[in-house]
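Undergrad: Dropping a structure here in structure tokens format, bear with me for questions.
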Amino acid sequence: MTDKSVTVLIPGRIHPRVLERLERDFDIVRVPEQGGELELDEATRAKVRGVAVSGTLQRAWMDALPNLEIVSNFGVGYDGVDADHAATKGIIVTHTPDVLNDEVADTTIGLLLNTVRRLPRAEAWLRDGRWKSEGAFALSPLSLKGRHVGLLGLGRIGLEIAHRLEAFKLKVSYHTRTPRSDVSYTHYSSLREMAQAVDTLICIVPGTAATHKIINAEILSALGPNGVFINVGRGSSVDEAALEAALRSGTIAAAGLDVFYEEPTTASAFLDLDNVSLLPHVASASVPTRNAMADLVVDNLIGWFTDKTVISPVPETPVKK
Ligand code: NAP
Ligand code: 8YV
């Protein structure tokens with residue numbers, strides 16, 4: 001793979017390690033962020049056989065590349081790539097599962113603790129000099145101790161979160177469409193029934209049509225006034241207006257959000273709320289984990305163009321490992 005005979009398109013920004021490694025082996029074409037037409041002449045479009053993207057490839061751009069063979073996505077979530085449509089055209093889609101499981105699960109626990117114990121606010125209290133001038137930071141109304149956590153999603157990352165929660169001596173239940181045969185946690189076939197049974201709900205499902213605004217007023221009301229909601233999956237799973245209302249009215253006690261319906265965002269609806277902890281989509285954002293994701297993006301492309309194998313295809317894709 002050193003004669004650079006294969007052209008790979010990179011729309012917009014991508015992790016620097018992806019770019020650095022791809023530039024060694026491929027002919028690279030870069031275009032600005034997506035949103036409009038694909039501004040490439042016909043001859044260049046015809047040359048493109050691979051695309052590396054950070055989460056999104058417009059369907060129209062996929063259709064505008066007549067010889068496209070593979071889309072390599074940076075991120076395990078590929079809600080921005082129409083993998084079903086790609087499959088109908090014989091285009092492979094790959095993503096970056098597993099290498100980020102631990103990082104995302106660790107961040108989830110951090111966000112949960114920040115939410116129930118208000119630790120970022122406590123640190124701000126010290127940094128602002130208020131400990132010395134005004135005294136001790138207020139006791140947190142909530143505690144993690146003794147909580148019953150319901151996981152919406154118990155896949156690769158959800159399972160790592162569950163294992164960590166067990167170490168915190170918390171009871172774990174879950175809702176998925178299909179129960180797992182390899183765990184002893186209680187499975188709920190109804191999300192509403194699980195929300196009613198637990199006091200802490202963690203969302204770690206993909207962003208799909210089926211999960212769109214799955215967290216709504218009814219679910220939040222079932223979670224109840226001692227309820228804590230954490231989202232590390234996708235913002236599209238939440239009806240944010242219903243969540244804001246539930247936090248303001250005391251329908252639930254608190255929320256911790258790493259992901260939002262639209263990103264990037266100022267999250268202005270939540271900023272004045274004391275009972276919310278907010279992160280700018282950083283669950284996998286450490287240098288080592290992002291490097292591992294970057295390597296997988298590149299290795300999938302190299303594998304495909306070397307011997308037609310890929311390491312981590314999405315389930316919809318027409319080839320297997
Ligand atoms: P995964 O292994 O595919 O697990 C997905 C889980 O969600 C499975 O348990 C699946 O079970 C469940 N699920 C899917 N659709 C559902 C539905 N309609 N109702 C109920 N449960 C449903 O995925 P993963 O690797 O754990 O990643 C999960 C998602 O986390 C990613 O797709 C991504 O969007 C998000 N993520 C976010 C960050 C971040 O930075 N915040 C980082 C990594 C990943 P069933 O199929 O049986 O329903
Ligand atoms: C990344 C993620 O932040 O893997 C995912 O699905 O949401 C995160 O790990 C994101 O994909 C980077 O584009």
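The values are calculated or read from the model by the stated rules, or taken from the named source; none is laboratory data. Predicted model, so just to flag it, every value in this text is computed and none were measured. Methodologically, a virtual Cβ is constructed for each residue, glycine included, from the backbone with ideal geometry; neighbour enumeration extends over all protein chains shown. To get the accessible areas, we keep the full protein, side chains included, count just its heavy atoms, and leave off ligands, DNA and RNA. Shrake-Rupley method; radii C 1.70, N 1.55, O 1.52, S 1.80 Å.
Undergrad: Among the residues of region 159-177, write down those that are open to solvent by 30 Å² or more (accessible area, probe 1.4 Å) and under 20 Å from I219 (Cβ atoms).
TA: First pass over region 159-177, keeping only residues open to solvent by 30 Å² or more (accessible area, probe 1.4 Å): 159-160, 163-164, 166-169, 171, 177.
Those that are open to solvent by 30 Å² or more (accessible area, probe 1.4 Å) and under 20 Å from I219 (Cβ atoms): K171, R177.
Undergrad: Moving on to the next point. What pairs come out if I take residues in region 256-269 that are over 14 Å from N231 (Cα atoms) and more than 14 Å from ligand 1 (Cβ to nearest atom) and pair them with residues that are among the charged types (D, E, K, R) and not in a loop (DSSP other than H, G, I, E, B) whose C-beta lies under 7 Å away, six or more apart or interchain?
TA: These pairs meet every condition: A269/E240; A269/E244.
Undergrad: Now for a separate question. Kindly check whether there is at least one residue in region 194-217 that is within 11 Å of ligand 1 (Cβ to nearest atom), of a type in the set (S, T, N, Q) and surrounded by fewer than 23 Cβ atoms within 10 Å (Cβ to Cβ).
TA: Yes - at least one qualifying residue is present in region 194-217.
Undergrad: So if I check each of R118, R156, R180, which one is more than 25 Å from E218 (Cα to Cα), within 16 Å of ligand 2 (Cβ to nearest atom) and open to solvent by 30 Å² or more (accessible area, probe 1.4 Å)?
TA: On the way: R118 fails: within 16 Å of ligand 2 (Cβ to nearest atom); R180 fails: within 16 Å of ligand 2 (Cβ to nearest atom).
Checking each option against the conditions leaves just R156.
Undergrad: Scan region 51-99 for residues that are within 13 Å of ligand 2 (Cβ to nearest atom) and among the charged types (D, E, K, R) and jot them down.
TA: At the first step, the residues of region 51-99 found to be within 13 Å of ligand 2 (Cβ to nearest atom) are 52-57, 72-81, 94-99.
The answer is D79, D98.
Undergrad: Next question. Any residue at all in region 283-291 that's away from ligand 2 (no atom under 16 Å from the Cβ), open to solvent by 50 Å² or more (accessible area, probe 1.4 Å) and either at negative phi or not basic (K, R) (or both)?
TA: The first filter runs over region 283-291 and keeps only residues away from ligand 2 (no atom under 16 Å from the Cβ), leaving none.
Within region 283-291, not a single residue is away from ligand 2 (no atom under 16 Å from the Cβ), open to solvent by 50 Å² or more (accessible area, probe 1.4 Å) and either at negative phi or not basic (K, R) (or both).
One line per residue, one yes/no per condition, for (1) more than 16 Å from ligand 1 (Cβ to nearest atom); (2) out of contact with any Lys or Arg (no Cβ under 9 Å at 6 or more places or on another chain); (3) within 18 Å of L68 (Cα to Cα):
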position: D274; (1), (2), (3): yes, no, no
position: L278; (1), (2), (3): no, yes, no
position: V282; (1), (2), (3): no, yes, no
position: V287; (1), (2), (3): no, yes, no
position: N291; (1), (2), (3): no, no, no
position: A294; (1), (2), (3): no, no, no
position: G303; (1), (2), (3): yes, yes, yes
position: P315; (1), (2), (3): no, yes, no
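Undergrad: Quick check: is even one residue across region 267-282 under 17 Å from N114 (Cα atoms), of a type in the set (D, E) and open to solvent by 10 Å² or more (accessible area, probe 1.4 Å)?
TA: There is at least one residue in region 267-282 that is under 17 Å from N114 (Cα atoms), of a type in the set (D, E) and open to solvent by 10 Å² or more (accessible area, probe 1.4 Å).
Undergrad: Scan region 131-150 and tell me whether some residue there is within 16 Å of ligand 1 (Cβ to nearest atom), of a type outside the set (V, I, T) and closer than 27 Å to D98 by Cα. Don't jump to the end; show me each part of the working.
TA: Pass one, region 131-150, residues within 16 Å of ligand 1 (Cβ to nearest atom): 149-150.
If we keep only those that are of a type outside the set (V, I, T) too, we end up with 150.
From what is left, the residues that are closer than 27 Å to D98 by Cα are 150.
There is at least one residue in region 131-150 that is within 16 Å of ligand 1 (Cβ to nearest atom), of a type outside the set (V, I, T) and closer than 27 Å to D98 by Cα.
Undergrad: Could I ask something else about it? Quick one: what pairs do we get from region 228-243, first residue open to solvent by 10 Å² or more (accessible area, probe 1.4 Å), second assigned to a helix (DSSP H, G or I) and more than 13 Å from ligand 1 (Cβ to nearest atom), C-beta under 8 Å, 6+ apart or different chains?
TA: From residues that are open to solvent by 10 Å² or more (accessible area, probe 1.4 Å), the pairs are D239/A217; A242/A217; A242/L220.
Undergrad: Residue pairs, Cβ under 8 Å, 6 or more apart or interchain, first in region 298-321 and free of Cβ contacts under 8 Å to residues at least 12 places away in the same chain and farther than 15 Å from V51 by Cα, second assigned to a loop (DSSP other than H, G, I, E, B) and open to solvent by less than 70 Å² (accessible area, probe 1.4 Å). List them.
TA: K308/V319
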